[in-house]
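Q: Let me begin by handing over the structure; questions about it come next.
The values are calculated or read from the model by the stated rules, or taken from the named source; none is laboratory data. In this text the structure is predicted, and so the values were computed from the model without any measurement. Every residue, glycine as well, gets a Cβ built from its backbone with ideal geometry; the counts of neighbours run over all protein chains shown.
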Amino acid sequence: MMSVAVVGQTGFGHIVPGQLWGALKSGYQTIEQGNDQVINGQIIDFQYTMITTLRLAFEATGIGVLFGIPLGCLLGLGRFRGRRGLLAVGNGLMRVPPVVVGVFIVVMTGGQEGTLGRSKKLHSFSGPLVHVIGASFSTPLFTFSVSPIVFAQAMLALPIILTLTATAVQRVPVPLLDQAQAFGARRWRRNLLALREGRTAVLAGVIVAFGITISAVGAIYLLGGDQGGCAANFTDGQSCARQGSLSYGALSAWNGNLPMTPVAIAYAELLMGMFLVTAAALTFLQQGRSSWVAGGQT
Amino acid sequence: MPGRARAPPGKGWFLRYVVEQIILAIRLLHYDPDLHALTGRTIHLAFESAGLAVLIGAVPAYLIGVRTTRSSRWALVLANTGLGLPAVAVGIFLVLLTPEWYGTFTGMVAGQTVLSLPVIIALGAAAIRELPDGLLEQARAYGATEPRIALLALVEARIGVLTAVIIALGSAIAEVGAVTIIGGNFEQNTATLASEILNDVIGHGFVGGLGESVVPPMVEHALVVVGLMLVLAAILTIVQQWGHLQRRQQRRLAAAIPFERPARVASMEQ
């Protein structure tokens, strides 16, 4: 059996396939040993982490879809002043750095026990932002745990979905829509038709947004709260999104020394696997069964 | 004091707080000795990785864009999916693959190149696919060799290709997962602006929470990142508007000419 963490110990400058295989295998073994291992005082629960990562990605992408697709339709098909400018803003926000979103939310919520000392934890909104918008995110509408982390990831997903929806809808030939209108379609039916025609590109936007929400780590890292509080939350059975993200787990499980820790490798393997599975599923959905045979489009 | 919230200060405290943080950050901009090195390294990393990605990805992008076979379609789907490649996992696998790159700038460039390659391929191929039908066939009919046709395609699709390059640059500036893992977060040699924001947090730890001393440096580095991204966005907007203008001009030209004429001959003669 391969030893657990040998990569890099025997020397720099060599690429030894056996070592790579051993490292990957050690990661797999860590996964296989299962949950409730305590490593460096940190409870490892891969199953929980995977479920939370998926939930995080689904919630964030869901929020993005909920707001992004209608707004994208509006921006793509509507006729009003400043539409171009809004589209340019959306384009610019499309690759907004996750760390910047994290910093933004840290400042807006006053930090964890921040300068204003208003928020005890960042796991739930209770900073200045809440006072400004005048409502807590724990109102019944948001009972499904809109943590700042989901909020941050949704801020990453929203511009992508919005802008790609707008461009997709704009590409639908105008005569088609005009014809539909001539046949008596109302405005929203017309928009719906445009969405249906441009569904491949819209779904491409959703896929990209999903990939980003599942793998981006910058915002989560800044918003996750401290490890001790996280562990306490964890044993309480409450959600702890910082541990709940695979990419955060991968980043934090590694202490910065070269023999890569098996836990970090395990997280990386799970992350890659989850990304591949979800991407394949979404691509299958995007391409559809009929066009599956014909091959992809654009 | 956990569990007990202080009474909010007087009127306008929220805006004052935010403005205070930003002013503190702007003051730090002036005093930070590492800022020049950090910014320079970030830009260097972005340009080097995007350039490498263009060098590697131009030919696949052209081939995928031009061919309409099933395999090329699948390659495009694959490249599109690769847009969301998890950076942290890429970093860890790259370190496992080539331990000698760990902690070096070269390794960071390699990781970023892997991450921006799908961007170049997917967006470049999409741009080439959107070229008017018959343009490349026409060039072939005039006797252009394959490299000349590829060059023509890249030049004609320059707006889309430039967009891809700018997005790759932006992702290299913003990305934090691969850089942190491969660079190892050695502050002197391998930190970029974005990963330095993580360093600001790690350096202080979460023990006291993100207090007064941690937030201003974070905001400072975030401000510089935002500035760089804004510059990129401005360039992107200018490039795209330039494309709009060109297309409008061509349309006007075509409308003014009474006899029928291939739309793209003028640009091929250049």
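Q: So for region A:109-131 (the condition being at pLDDT 80 or above, buried (at least 18 other Cβ atoms within 10 Å of the Cβ) and under 25 Å from the mean Cα position of the chain (by Cα)), does at least one residue qualify?
A: no
Q: Please tell me if A:Thr165 is more than 29 Å from A:Gln286 (Cα to Cα) and either part of a helix (DSSP H, G or I) or modelled with pLDDT of 80 or more (or both).
A: On the way: more than 29 Å from A:Gln286 (Cα to Cα): no; either part of a helix (DSSP H, G or I) or modelled with pLDDT of 80 or more (or both): yes.
Considered against the rule, which asks whether it is more than 29 Å from A:Gln286 (Cα to Cα) and either part of a helix (DSSP H, G or I) or modelled with pLDDT of 80 or more (or both), A:Thr165 comes out as no.
Q: List the number of the failed condition for A:Ser290; all other conditions in (1) at the interface with another protein chain (Cβ under 10 Å from one of its Cβ atoms); (2) farther than 20 Å from B:Ile182 by Cα; (3) at pLDDT below 85 hold.
A: (1)
Q: Taking only region B:30-74 into account, find how many residues are closer than 24 Å to B:Gly170 by Cβ and surrounded by 13 or more Cβ atoms within 10 Å (Cβ to Cβ).
A: Restricting attention to region B:30-74, the residues satisfying the condition of being closer than 24 Å to B:Gly170 by Cβ are B:32, B:34-62, B:64-65.
Then drop every residue that is not surrounded by 13 or more Cβ atoms within 10 Å (Cβ to Cβ), which leaves B:32, B:34-35, B:37-39, B:41-54, B:56-58, B:60-62, B:64-65.
Count: 28.
Q: Please go through region A:217-256 and pick out each residue that is farther than 15 Å from A:Thr49 by Cβ, more than 8 Å from chain B (Cβ to nearest Cβ) and modelled with pLDDT of 60 or more.
A: Across region A:217-256, the qualifying residues are A:Ala219, A:Leu223, A:Asn255.
Q: Next question, about the same structure. Can you tell me which residue in region B:117-165 is surrounded by the fewest Cβ atoms within 10 Å (Cβ to Cβ), limited to those that are over 16 Å from B:Val77 (Cα atoms) and under 17 Å from the mean Cα position of the chain (by Cα)?
A: The selected residue is B:Arg158.
Q: Same structure again: Are there any pairs, at least 6 apart or on different chains, whose C-beta atoms fall under 9 Å, with the first in region A:274-286 and within 8 Å of chain B (Cβ to nearest Cβ) and within 16 Å of B:Arg73 (Cα to Cα) and the second at pLDDT below 85 and loosely packed, with under 12 Cβ neighbours inside 10 Å, and if so, which?
A: From residues that are within 8 Å of chain B (Cβ to nearest Cβ) and within 16 Å of B:Arg73 (Cα to Cα), there are no pairs.
Q: Looking at the structure I just gave you, is A:Val100 at pLDDT 75 or above, within 14 Å of chain B (Cβ to nearest Cβ) and within 25 Å of A:Val217 (Cα to Cα)? Can you show your working first?
A: Values: at pLDDT 75 or above: yes; within 14 Å of chain B (Cβ to nearest Cβ): yes; within 25 Å of A:Val217 (Cα to Cα): yes.
Against the criterion (at pLDDT 75 or above, within 14 Å of chain B (Cβ to nearest Cβ) and within 25 Å of A:Val217 (Cα to Cα)), A:Val100 qualifies.
Q: Restricting attention to region B:103-112, and to residues there that are surrounded by fewer than 24 Cβ atoms within 10 Å (Cβ to Cβ) and not hydrophobic (A, V, I, L, M, F, W, C), which single residue is nearest to A:Ala268 (Cα to Cα)?
A: B:Gly103
Q: Separate question: For region B:89-100, check the following and say yes or no: at least one residue is at the interface with chain A (Cβ under 8 Å from one of its Cβ atoms), surrounded by 23 or more Cβ atoms within 10 Å (Cβ to Cβ) and modelled with pLDDT under 85.
A: So far as region B:89-100 goes, yes, one or more of its residues are at the interface with chain A (Cβ under 8 Å from one of its Cβ atoms), surrounded by 23 or more Cβ atoms within 10 Å (Cβ to Cβ) and modelled with pLDDT under 85.
Q: Among the residues that make up region B:150-158, is at least one of them facing chain A (nearest Cβ under 10 Å), more than 30 Å from A:Ile265 (Cβ to Cβ) and touching a residue at least 60 places away in the same chain (Cβ under 8 Å)?
A: no
Q: I would also like to ask the following. Could you grab the pairs with beta carbons closer than 6 Å, sequence gap of 6+ or different chains, first residue in region B:72-87 and within 7 Å of chain A (Cβ to nearest Cβ), second one of a type in the set (Gly, Ala, Ser) and in a loop (DSSP other than H, G, I, E, B)?
A: Close Cβ pairs satisfying both conditions: B:Arg73/A:Gly295; B:Arg73/A:Gly296; B:Leu76/A:Gly296; B:Val77/A:Gly296.
Q: Sticking with this structure for a sec: Go through A:Gly90, A:Gly82, A:Gly34, A:Gly78 for me and flag whichever is at pLDDT 80 or above and either among the aromatic types (Phe, Trp, Tyr) or under 27 Å from the mean Cα position of the chain (by Cα) (or both).
A: Numbers: A:Gly82 fails: either among the aromatic types (Phe, Trp, Tyr) or under 27 Å from the mean Cα position of the chain (by Cα) (or both); A:Gly34 fails: at pLDDT 80 or above; A:Gly78 fails: either among the aromatic types (Phe, Trp, Tyr) or under 27 Å from the mean Cα position of the chain (by Cα) (or both).
The conditions single out A:Gly90.
Q: Moving to a separate point now. Out of region B:40-71, which residues are among the hydroxyl-bearing types (Ser, Thr, Tyr) and more than 14 Å from chain A (Cβ to nearest Cβ)?
A: Restricting attention to region B:40-71, the residues satisfying the condition of being among the hydroxyl-bearing types (Ser, Thr, Tyr) are B:42, B:49, B:62, B:68-69, B:71.
Hits for region B:40-71 are B:Ser49, B:Tyr62.
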